[in-house]
């Protein structure tokens, strides 16, 4: 029997990190063939070119698709998605996958979902059913309605996908594959690499041996006009605390430039002798960095998921992770310098918390690959009520 | 206060007929400005060029978008949608509507929904919440998850949209605007025009004065490889009954060519002395034709909706209208010559049935326009559970 | 040394026939690897799906690109080209050819030329430098200005390309590869297949043993509004002469539908007891058909090229082949029933003429492959004056 | 008689500056209606958002088209062009211009040329026939072959366009419209505005009263891999000379990021106490700045054209302006710090040279508008040999 061909479309650096163990598990599965498609910001330097990590990790890329339209507005997000559909349908037409896998809820993942579902290719969705309250949510739940298989990351997500009218037999709580990576670093006792040397970046090189903060804050699509103001609260807080800090640039998104511009302008006007800026970091190294940090500040889902598993304190800013299920590691604050500063001071004092498996137990990749090999190939469905 | 600008995107002939009263009501509303965008198969001759009817009806077209990719396969449907997003986002960027309205569930309506929702333009969806069991259903429910306002056509649809996690305050059972047109012909006593003279078409010109059948059968997207076989059962039944019959060509869709090819081939091999073929007909004239017919055969939603209101018997073939709510006027049959023939004979004998308002009471257009003028402009939402 | 990777993009049935010997010669060359890309109308059934012939001939297809936008107007031609660029650039980015080859002057070949030249991939153009006086000419000469190597079909074409400012060292009169195929049938004494049986088609099946006419008439892009009227002169002439006739449907082009519609309408209104219609024919079979015909009527370049080599009389109608170099086999007429009829009668009476090698000696494919293997890889050029 | 509708497509800041007097002349012409389409990098902030200047100058924009695909490679240039065709054809289809005007030779101007010529809209090309020896040249001459009217900037260009086979009756040496602006500042005796105050920018604010240098250096498409190295020679020269310098960021182009990145990196590693950086400047202000400068350094065509008219010395670096006709004001140097330094020192010492009208006499805009009003509307042409 020929192997099932599984096309996975990666459109951004964080999505790659998240599903890396799924890719490995597909590649290692005797009945599966991995067709890795790399597209959108995953190909672009200014968002940390995931493609380089992918190739270094030994994955073969079946097709690359440049489809990010430039423009500091939401029109560009729509057009990027349109071009993505146009091109991915050609890619699928040529690769002829048995199943297409799409990850999470970034706007351009809709291109994968539409191309596959319109072409009657069974579509698997990783990480549906979550609640965040922004455009990501429209995208995420719409993809659920287009998808045939659902690999969700928590019990809450599973219930929600079923409530959305999906067949419970096709909804699987595999946990989030990002936890698979977290599992590998959970017992790490010290940072096993020098981040300045390995990842370059710009700015100061504070001594990390006495603890450090990590910042990762993305613009929120529905609030993109305010993204500059939002990032400034965080910048002011970090500037005022003046602790060793490792800061990661945001993803591409409408408004990315508001956030990036805010950071650049702040740097030009202030000395930041304790802050280093990174463009990106290989997923596992990033988890190591978090594992040994005092706390994570920002609005990345990594704080809600991987950090819950690692027991790392998180200061979660603003609405981006709004209604995602939480472990006991995070504190929610508004876009307010004071709230951010106070929350950081409290968290640093308290230190690590206990590990939560609310988002998985470290076996998601293997479970997803097994399901992809066994599930009936189907693309015809109807709402369950 | 400036008028609210309402962009309505029409992508196919039947969609235009369906929402014509909505367009008029928007145009006549003192607080609204209509921006009519005509795209996809609505611009193409071989699907009955809705654009000609639109202009004849006196509507001004704000923009035209050619985006139908040619190809007898599903890839073309995906690509048509991608091109639609690319172009509609430019159109919206230039027209700057306050609200965008998308109609029903044809595959390319997703382009409207994505362009608007990604650009943070409030999106109204007409006719969500229905159940049919094919690709249309994936599209329809995904659009519900992208839309901000829902104008549904029945109580069943309203319940379903709310179950999908939408805010009940934004879900309105206005009835289907197609019933507004049906209302205007309900009391008609005789066919007020000569269809051969007014609409041309090809084939025989049977005498309609003693009753006649109407056939309208579209390919089913998820069964498109069988569309030729499916149409042949109907062709054989009509051929065998040899009653005066008016047959309408199908919409564009993946597989349209299977259906069309089947009809063409049958015509080349058989004499059909009682059958006339039309490409299309203005919506109200079509309802007049149904009002005075013995029964409608096929799988058009017109049989389930307008004919329920008109009390015209319908032979509904196959899965296309699968789980749509029914009035008492329809009989479901399989793709079987025998079943089709028998159902026609029984229906013709029984005659007209009583009118059902399950899909509306004839005021949908005016109600929808009033809501568009009053609803808060919002594009931020979250799932209700 | 790795083989040079030569991407050839085929966008239409006649282009495939024309360069088939080039494809074989590349495939058989020890230093070359053929990357065959099939796009546009070459993939579509209603234009005779070249892709089926290509696969039957044993070529492996590296990528397929559906890019024909539907619409009976010139806008669709522009958009088809735009989509072609968008997609072919992804194809080239993934296949990484050393040289891209584009054929002739159909509007969508510009997509190949732009994608390759913009990506700094050396571009070879087959069949530049000819003169026809319509939109094809704008396209053809613009492609010459984008191309790095020129494989032209006649001395006149060579001179013209050099006058256009190209480096004479990069302009090669290889003859037209279509003549390679003609060479194989030149000595054929009888039609070696039954065209009705092998190619189906519709209409009468006249006896071919006493001679027959072949008709192939395409719409002219710059006159597309008149294409229906133009085809009617030819239809009337053929109808009036009532000789055994084999008629080929036109290519896709803006206006194709004018021509096709004209043919369909004529057939519905007239009995044509001596005319059979074909959608397409494998290139070599078509040449056999011409070789044994009385004459070819229409505006196909096959009349000017292959028929010159075969010595088959040609009635060349209208402006499409306007200023192409001629052998002694053709007569030019206007869109006039009388002129067409008279020219046919005269030609049939006179019979075959002597073979001309004005468009090549039957070795073009092998010569082009040899040049592709040896030419320096370069994409930087400047006008020579 | 209705006014002729003239669509002018502006795709970049420098193109806007160049044709501003043409736009005004069209707008002021009693028989013409201006339809201004703004697209590509002209809409993007990081290339100096020409759209803001356009609106401030009082022009009404008929349509905006975002079509720049992001990516630091040539694939993006090809795709940007493809998207441009797709969208501009919709724009033209909706605006229905009588003539389309395209400017110069940037890669994306090909989109305008193809959309118009394929849609049988007469195409006017401003500034054909020049020689530069890079990809621009392929584009420029290909557009000449697609265009119906040629408004060229010098006698050399006129001869070349005619040699390319164009009808001499359609080739007009109007001079370059950029000279119209230069004409307005020729007599200016002092800089009439404070550039720091009016245009912001970053870096030092050297005293300009004792003379200053202006730098504008773009990446060269065919050498884009070297663009960083190329800009570094210039940076080193300016750093070493340490004179008051006003530096302009480059256009978007494949490789723009090499140039920009080079500048950013140099700034991080060196103090530049005499250099100020501008993103952009309104065309006439820029000419004022040049008029009062010591010399211009870089590879902008402004050095060859406007500066020739103004008599401002120019250090022209590298191959970008290779074979363009020269006035007596410029010195050509290689990408060499030494050569650049020496040439600057010599030029500064020598001072202003006499004005040359090789690129026009200041009346181009008015002449072009007059021709657009009078020329026969035609899109059918053939090569003249």
(message) Anything in region A:44-78 that is touching a strand residue (DSSP E or B) at 6+ places or on another chain (Cβ under 7 Å), buried (at least 20 other Cβ atoms within 10 Å of the Cβ), within 8 Å of another protein chain (Cβ to nearest Cβ) and outside any loop (DSSP other than H, G, I, E, B)? List them, or say none.
(response) A:63, A:65, A:69, A:76
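For region A:96-183, which helices (runs of 4 or more DSSP H) that fit wholly inside it have 2 or more residues that are more than 9 Å from chain B (Cβ to nearest Cβ) and crowded, with 24+ Cβ neighbours inside 10 Å?
Working: elements: A:109-118, A:135-146, A:155-163.
Result: A:109-118, A:155-163.
Considering B:102, B:90, B:80, which residue is within 27 Å of residue D:89 (Cβ to Cβ), within 16 Å of the chain's Cα centre (by Cα) and in the same structural domain as residue B:11 (by TED's automatic domain parsing)? Reasoning before the result, please.
Values: B:90 fails: within 16 Å of the chain's Cα centre (by Cα); B:80 fails: within 16 Å of the chain's Cα centre (by Cα).
Selected residue: B:102, the only one of B:102, B:90, B:80 that is within 27 Å of residue D:89 (Cβ to Cβ), within 16 Å of the chain's Cα centre (by Cα) and in the same structural domain as residue B:11 (by TED's automatic domain parsing).
Which members of region B:20-43 meet the condition of being assigned to a strand (DSSP E or B) and closer than 23 Å to residue B:81 by Cα? Give the derivation first.
We begin by selecting, within region B:20-43, every residue assigned to a strand (DSSP E or B); these are B:32-39.
Residues satisfying the conditions are B:35, B:36, B:37, B:38, B:39.
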(message) Condition (residue is more than 17 Å from residue D:133 (Cα to Cα) and surrounded by 17 or more Cβ atoms within 10 Å (Cβ to Cβ)) applied to region D:316-326: is it met by at least one residue?
(response) no
(message) If I ask for residues that are touching a residue at least 40 places away in the same chain (Cβ under 8 Å) and within 19 Å of residue D:212 (Cβ to Cβ), which ones from region D:308-329 would you list?
(response) D:310, D:311, D:312, D:313, D:317
(request) Tell me which of these residue A:93 doesn't satisfy, since it passes every other one: (1) assigned to a loop (DSSP other than H, G, I, E, B); (2) surrounded by fewer than 24 Cβ atoms within 10 Å (Cβ to Cβ); (3) at the interface with chain B (Cβ under 7 Å from one of its Cβ atoms). (result) (1)
(request) Working only within region D:320-342, note down all residues that are under 22 Å from residue D:176 (Cα atoms) and out of contact with any helix residue (DSSP H, G or I) (no Cβ under 7 Å at 6 or more places or on another chain). (result) D:320, D:322, D:323, D:328, D:332
(request) From D:250, D:273, grab the single residue that is in contact (Cβ under 8 Å) with a residue 12 or more places away in the chain, buried (at least 22 other Cβ atoms within 10 Å of the Cβ) and not assigned by TED's automatic domain parsing to the domain that holds residue D:135. (result) D:250
(request) Please state which of the following conditions residue B:300 fails to meet, knowing it meets all the rest: (1) at pLDDT 90 or above; (2) closer than 30 Å to residue B:155 by Cα; (3) surrounded by fewer than 22 Cβ atoms within 10 Å (Cβ to Cβ). (result) (3)
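If I go through region C:200-226 residue by residue, how many of them are in contact with a helix residue (DSSP H, G or I) (Cβ under 9 Å, 6 or more places away or on another chain) and in a loop (DSSP other than H, G, I, E, B)? Can you show your working first?
Narrowing region C:200-226 to residues in contact with a helix residue (DSSP H, G or I) (Cβ under 9 Å, 6 or more places away or on another chain): C:201-203, C:205, C:208, C:211-226.
Narrowing further to those that are in a loop (DSSP other than H, G, I, E, B): C:201, C:205, C:208, C:211-212, C:217-220.
Total meeting the criteria: 9.
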(message) Out of B:368, B:358, B:344, I need the residue that is under 30 Å from residue A:221 (Cα atoms) and more than 14 Å from chain A (Cβ to nearest Cβ). Which one?
(response) B:368
(message) Tell me the residue from C:228, C:267 that is at pLDDT below 95 and over 17 Å from residue C:334 (Cα atoms), please.
(response) C:267
(request) Check whether at least one residue in region C:16-35 is within 9 Å of another protein chain (Cβ to nearest Cβ) and crowded, with 24+ Cβ neighbours inside 10 Å, and report yes or no. (result) no
(request) Hey, could you check region D:341-385 for residues that are free of Cβ contacts under 8 Å to residues at least 12 places away in the same chain and in a loop (DSSP other than H, G, I, E, B) and say which is surrounded by the fewest Cβ atoms within 10 Å (Cβ to Cβ)? (result) D:376
(message) Quick test of your reading of the structure: residue A:287 fulfils all but one of (1) surrounded by 23 or more Cβ atoms within 10 Å (Cβ to Cβ); (2) touching a strand residue (DSSP E or B) at 6+ places or on another chain (Cβ under 8 Å). Name the failing condition by number.
(response) (2)
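The values are calculated or read from the model by the stated rules, or taken from the named source; none is laboratory data. Computed from a prediction, not measured in an experiment: that's the story for all the values here. Note: ideal-geometry Cβ built from the backbone for every residue, glycine included; neighbour counts use all protein chains shown.
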